[in-house]
Amino acid sequence: MPTNPKTAASTPAEPKGTPKTAPKASAARASSADTAAVNAAKAAPKSRTKAAPKSTPTSAPKPAAKPAAKTAPKAAPRKKAVAAPAAPVLPEAVRAPLDAAITELAIGERTWGALTVGQRARLLDRLHETVAAEAAEWADTASTSKLLPAGDPLRGEEWLAGPYGTLTALSAYADSLRALDHGKSPVADLTLRHAPGGRVRADVFPTTAIDGVLLSGFTGEVWMRPGVTEAQVRSRAGLGQLTPTHTGGIGLVLGAGNVPSIPILDTIYELLAFNRVVLLKLNPTQDVLLPVFTRAFAPLIDLGLLRIVTGAGDVGGYLTAHPDIAHVHITGSAVTHDAIVWGVGPEAEKRKSEHKPLLTKPISSELGGVSPIIVVPGKWSKADLRYQAEHIATMRLQNSGHNCIAGQVVVLSADWPQRADFIAALRTAYAGAPQRPVWYPNAKKKMADAAAAYPVAESMAGGTRLFIDLGPDDDATVMEQTEFFSPVLGVIELHGTGQVFVDAAVDHANDKLVGTLGANVLIDPNTRRKLGEGFEAAIERLHYGAIAINAWTAFAFLTPTCTWGAFPGATIENVTSGIGVVHNAFLLDDVERSIVRGPFRPFPRAVSPSSLAAGDFSVLPTPPWFVTSRTGAQVSEGFTDFRIKKNPVGLLSTLVAAFRA
């Protein structure tokens, strides 16, 4: 049985993105791009005798790269990675633009090494302007590609997960670089506190008064690995920007296909955390955004720091094997990761057993998993039941369930007196959430697989989602070990209440659910207060890279000062939810996980006596990312507009709309 990283001891932090040590096998999350990559790997040994693939990469338009000044520092010496043998052979018309892009990036690497940290901060400010100019088209293009009609409140998802998330990240990174440029640690002004297990935690959200207003009641903290001291946290923050002239070569980013900001944020992190210039290959589902990205990220393209290409799996295979690519980062599935690293079929298993990967250069990754939603039993009002049911529906149905962090398994107490009432509220919320297309490649097949595995599955909303309430005698293995990456929501039950249930749920999530990316916990203020330190001790034992308490882990994804990635412990042999982290705008080293906390109730119920007594205060109504929010698009666009213009008058009208959600 594979090693389980959730129960394994924590390992030391990798210094500069080098992959690390091991957890349990992850279920596949295959997309059309995944399939193409696997097919490319299968074809590789015969590729020199087969007809050339038909893929045609499209590069972002770019001016001729200028040679770096004679005084520019040279890239730090490094070994070239050995290319994987028998990479796909591409026709000249396909291969030549790819090689040209890599050559231009090699020049751009020298340019990047010549920029001071202060100049890099100003470059990010310029990027903020160019992204802002494309924000509306970005959100519209992404929404249209996902078949959301004009005026649909669900279009707010594309504002938040696209330009909003990117703009907030650029601002946060620029602030960190400005601190370094002035001789300060990026975390000099952060509060550092003790966390369970001999850890240090950094309070990373909110960091401004406006954050505290816009997202009232939400907090974020990053926990370091055991043994890291406060002094080390402050001195090591900055990563690659502590040695800006020491560049890291060319990084290949194989972009995600589900959320447009993922490949962009991955690109920025490669550039800043590791001083690597980036060749970004878009997932085919995101090709429609190439013109938007080309204009939005022109400042990076103009300096030769970024090239964007498109193509199928054969292009990805060629690029991963290219000798001038120093590092690979992928967001996708474990199947694709393993096809890249080991190949496919019996030969891949043989290589893995002999520890002889095809890919000998380092690779980092974010590969998803099955995310639990642990519902701690307590005494809930009818409004609480309804609100948290809508919360869970959002965790599964946002982006039609095509999220690596979508909640998939609801863990309930069989002994909760309100279990039946909550299931009724959950059925109502899940079935009644706005109907939307299931748009991601292969998602309908995944739904069919789930229905075949569980005849008790209830088809809802015109066949666009499945609800599976598993009884005590049902085998939950398929639900717990398969990331469906589609609107499939399962419910399981464990015995116990109070601390007994919490401990059992943590053990179950650690031991039974595949992956370590994110976990969600819902608990009312009174119950949380009664459990006290026992609850925090249980959270410490919950081995996930992101944990959300009365929130959804997507909040950690969208908060740039949080880290995003699997719990430490994965290896290329047993990659589970991936290796390394991204986002991390404070450029913290030695990180273990991020924890976000939110209010159990929205305003005005969040100012009830029980909420106030537990410190659960919030003036935020139903959040705009809820799939049930009637003003989600208006509020999300308004939040983005505020990040662009900083106009308090416009923000006021946005807040008024938020209260009509």
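Readers should treat all values here as calculations from the given coordinates under stated rules, not as data from a laboratory. Bear in mind the structure is a predicted one, so any value in this text is a computation, not a measurement. Positions of Cβ are generated from backbone atoms using ideal geometry, with glycine treated the same way; all protein chains shown enter the neighbour counts.
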Give me the compactness ratio for the range 481-561, meaning the Cα radius of gyration over 2.2 N^0.38 Å.
-> 1.14
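Ratio of alpha-carbon Rg to the 2.2 N^0.38 Å globular estimate for the range 347-452, to two decimals, please. Don't jump to the answer; show the numbers that get you there.
Details: Rg = 19.2 Å, N = 106, 2.2 N^0.38 = 12.9 Å.
For the range 347-452, the normalised Cα radius of gyration is 1.49.
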Return the calculated 222 nm mean residue ellipticity for the chain, to the nearest 500 deg cm²/dmol, obtained by summing -39500 (n - 2.57) across DSSP H runs with n ≥ 4 and dividing by the residue count.
-> -12000 deg cm²/dmol
In nm, the gap between the two label points placed 7 Å beyond Cα toward Cβ at Val213 and Arg630 is 2.6 nm
Calculating Rg and Dmax of the Cα atoms in Å from this structure picks out, from (1) 31.1, 93; (2) 28.4, 97; (3) 23.6, 74, entry (3)
If the cut-off is 18 Å between C-alpha atoms, which aspartates and glutamates fall inside it for Lys382, apart from same-chain ones fewer than 8 positions away?
-> Glu390, Asp421, Asp524
Coordinate range along principal axes, alpha carbons of the range 131-187, Å, largest first = 49, 19, 14
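Using the crude model of +1 on Lys and Arg Cβ and -1 on Asp and Glu Cβ, and no other charge, please compute the dipole size for the range 143-266 relative to its Cα centre, in debye to 20.
Details: 10 positive and 11 negative charges, 82 e Å.
The calculation lands at about 400 debye.
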Cα-centred dipole magnitude for the range 182-329, charges only on beta-carbon of K, R (+1) and D, E (-1), debye, nearest 20 = 360 debye
Among Ala237, Thr553, Phe467, pick out the residue whose Cα is farthest towards the positive end of the charge dipole of the chain, where Lys and Arg carry +1 and Asp and Glu carry -1 on C-beta, about the Cα centre.
-> Ala237
Plugging the Cβ-Cβ distance of Asp421 and Asp449 into 1/(1 + (r/R0)^6) at R0 = 25 Å yields, to the nearest 0.05, a FRET efficiency of 0.20
For Lys646, list the aspartates and glutamates whose Cα falls under 18 Å from its own Cα; do not include residues on the same chain fewer than 8 positions away.
-> Asp125, Glu129, Glu134, Asp175, Asp211, Glu637
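Quick check on my link table: of Lys444/Lys512; Lys379/Lys444; Lys352/Lys446, which ones sit more than 31 Å apart, alpha carbon to alpha carbon?
Numbers: Lys444/Lys512 25 Å; Lys379/Lys444 38 Å; Lys352/Lys446 28 Å.
Checking Cα-Cα distances, Lys379/Lys444 exceed 31 Å.
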For the range 132-248, restrict the atom set to alpha-carbon positions and state the Rg and Dmax in Å.
-> 18.4, 52
Show which aspartates and glutamates lie in cross-link reach of Lys356 when reach means a straight Cα distance below 20 angstrom and same-chain residues fewer than eight apart are skipped.
-> Asp338, Glu347, Glu573
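Multiply the residue separation of Thr130 and Arg351 by 0.36 nm, subtract the distance between their alpha-carbon atoms, and state the gained length in nm to one decimal. List each step's numbers first, then the result.
Values: separation 221, 0.36 × 221 = 79.56 nm, distance 4.57 nm.
The span from Thr130 to Arg351 would gain 75.0 nm if fully extended.
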Using a simple charge model, +1 on the beta-carbon of Lys and Arg, -1 on the beta-carbon of Asp and Glu, nothing else, what dipole does the chain show about its Cα centre, in debye to the nearest 20?
-> 1320 debye
For the pair Val456 and Ala106, how long in nm is the line joining their label points, each one 7 Å along Cα→Cβ?
-> 6.1 nm
